[in-house]
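**Student:** Can you read through this structure? Questions will come right after.
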Amino acid sequence: MRDWIRCGGVVLAGTVVCATTLLGALAVHAQASAYRYAVPAGWQRSVEGDTEVLVPTALPAGSAQLLLLAPKPLAGDFFQQFDAERTQLEQFWRLRDPAPVDPQRGTGPQGPWAAFFASYDSDGGPRYMSFLARAIGQQWVLAVFVAADHDSFNRVAPQATHLFTSLQLAR
């Protein structure tokens, strides 16, 4: 019997951390995106609930994925919202022993942005992760890029980061 894990609206099969579970168990639903963006060449997109999942097909299944969480309204301090959301996701995915790179924060033309990069230990093994957030108008968006190994992270992180930085809200 399989255990089912709910991850930000995505239901995944298995007992490993949902951010890196094999995506073959996901049902692909044709839903409108909350965002406008170009899916990078060689990536596949699926939507479940309010989470969009993008997977690079050139890597073995479960090696890397980008989660685009539903936009949220800006309420109070952006950086506190980002830290609280990231902490909640770390706890939910049972990530432990973070080895972060210096967090990055700033303000751009559209408003504040933040990036948190770290490697973690998890029940499913090591995880290399980027938490990327930025304001777009009166909302803020969060993407989580995760890879199961350092090489996979380095190979596709530039594409994931580019997709995130070019992300626009569908109006």
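**Student:** So, residue 12, is that one in contact with a helix residue (DSSP H, G or I) (Cβ under 8 Å, 6 or more places away or on another chain), at pLDDT 50 or above and either outside any loop (DSSP other than H, G, I, E, B) or closer than 24 Å to residue 117 by Cβ (or both) or not?
**Tutor:** So residue 12 does not fit the description; no.
**Student:** In the stretch 138-170, which residues are loosely packed, with under 13 Cβ neighbours inside 10 Å and either under 16 Å from residue 45 (Cβ atoms) or touching a Pro at 6+ places or on another chain (Cβ under 9 Å) (or both)?
**Tutor:** Once the filter is applied, which keeps residues that are loosely packed, with under 13 Cβ neighbours inside 10 Å and either under 16 Å from residue 45 (Cβ atoms) or touching a Pro at 6+ places or on another chain (Cβ under 9 Å) (or both), the stretch 138-170 yields 138, 150, 166, 168, 170.
**Student:** Show the residue pairs that are 6+ apart or on different chains and have beta-carbon atoms under 9 Å apart, the first residue being within the stretch 129-141 and on the phi > 0 side of the Ramachandran plot, the second being part of a strand (DSSP E or B).
**Tutor:** From the stretch 129-141, the pairs are 137/111; 137/169.
**Student:** Scan the stretch 112-137 for residues that are outside any strand (DSSP E or B) and surrounded by 14 or more Cβ atoms within 10 Å (Cβ to Cβ) and report the count.
**Tutor:** 3
The values are calculated or read from the model by the stated rules, or taken from the named source; none is laboratory data. This one's a predicted model, so the numbers in the text were calculated from it and none came from an experiment. Cβ atoms come from the backbone with ideal geometry, glycine included; neighbour counts cover every protein chain shown.
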